[in-house]
Amino acid sequence: MDAKKIKETVRKKYGTIASGKKPAGCCGQIVDLTTDSCFSFAPQAERTTGDLGLGCGLPTEHASLAQGEIVLDLGSGAGADVFRAASTVGPEGRVIGIDFSPEMLAEAEKNAADLGLTNVEFRRGDIEDLPAADESVDVVLSNCVVNLAPDKTKVFAEVYRVLRPGGRFSISDMVTRGKMPPEIRSDLSAWAGCVAGAADREEYIRVIERAGFERVRVRESREYDHGKTDAWAILSVTVEGYKPVS
């Protein structure tokens, strides 16, 4: 699949969601779930400002965020996880959201202004080429976004670059068990729906470890029935890892 076509398809989809021209709903259109939340991690009644129901986990719950930390959220959308993190790191900390959709960034900035937050900011950028300085953040978060990137090796290399020594990430994402059918893998709408770009679970972990991270582990995992066979299935996972101190 052509990386430029994938990114443009993804950008258009999430731009229309942010502008209200398309309902949000589940991040993975192929994953047929009955709950009002994509993966039942954040029910409607518990959603924070900016939560469009596009996530596949709650990475902030596993990040062990502390007062004063600097946090970077990849694919921050309308700002839900940024705002969750901001409430924990407090006024001495800072949370930076990165997104490549101008419409999502505009919605996030509006939401931050409505909340009166002064410890958040949003930047336009590609998660394969982060607009952040080397070793400038303590924690990286992401929620159902890395699967949208054609080059996951670049993503985790960038995560490693921007983290300070001893820093960590908490990332919720879509992965697969077994080989995905080629007709799904080649479907652009399935890429934008967080399914076709999902990597094999074991390969996903290997990419992270090859980037240099240690103490990599899956904190949460859920396999879904829709389309599931003995040969393959789609899963949501929340993974953490640490950048070595030296």
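The set of residues from segment 208-225 being in contact with a helix residue (DSSP H, G or I) (Cβ under 6 Å, 6 or more places away or on another chain) and either free of Cβ contacts under 8 Å to residues at least 12 places away in the same chain or surrounded by fewer than 19 Cβ atoms within 10 Å (Cβ to Cβ) (or both) comprises G212, V216, R219. Of the residues making up segment 177-184, at least one is in contact (Cβ under 8 Å) with a residue 60 or more places away in the chain, over 14 Å from the mean Cα position of the chain (by Cα), within 26 Å of K5 (Cβ to Cβ) and crowded, with 16+ Cβ neighbours inside 10 Å. Listed by first and then second residue, the pairs linking a residue in segment 188-206 that is touching a residue at least 60 places away in the same chain (Cβ under 8 Å) to a residue that is outside any helix (DSSP H, G or I) and β-branched (V, I, T), with Cβ atoms under 7 Å apart and 6 or more places separating them unless they lie on different chains, are A190/I30; G193/I30; V195/I30; V195/V31; V195/I234. What pairs come out if I take residues in segment 138-157 that are more than 16 Å from V175 (Cβ to Cβ) and pair them with residues that are of a type in the set (V, I, T) and assigned to a helix (DSSP H, G or I) whose C-beta lies under 8 Å away, six or more apart or interchain? From segment 138-157, the pairs are V140/V159; V140/V162; L141/T60. Residues in segment 94-146 that are hydrophobic (A, V, I, L, M, F, W, C) and over 28 Å from A3 (Cβ atoms): 6 in all. When residues in segment 220-244 are screened for being touching a Ser or Thr at 6+ places or on another chain (Cβ under 7 Å), at pLDDT 95 or above and farther than 15 Å from N147 by Cα, 1 of them pass.
Scanning segment 75-94 for residues that are of a type in the set (S, T, N, Q), touching a helix residue (DSSP H, G or I) at 6+ places or on another chain (Cβ under 6 Å), outside any loop (DSSP other than H, G, I, E, B) and closer than 23 Å to V207 by Cβ turns up nothing. Against the numbered list (1) outside any loop (DSSP other than H, G, I, E, B); (2) within 13 Å of V237 (Cβ to Cβ); (3) at pLDDT below 95; (4) not hydroxyl-bearing (S, T, Y), C194 comes up short only at (1).
The values are calculated or read from the model by the stated rules, or taken from the named source; none is laboratory data. Predicted, not measured: the structure shown is a model, and the values here were computed from it. When we count neighbours, we look across all protein chains shown, and the Cβ atoms used for this are built from the backbone with ideal geometry, even at glycine.
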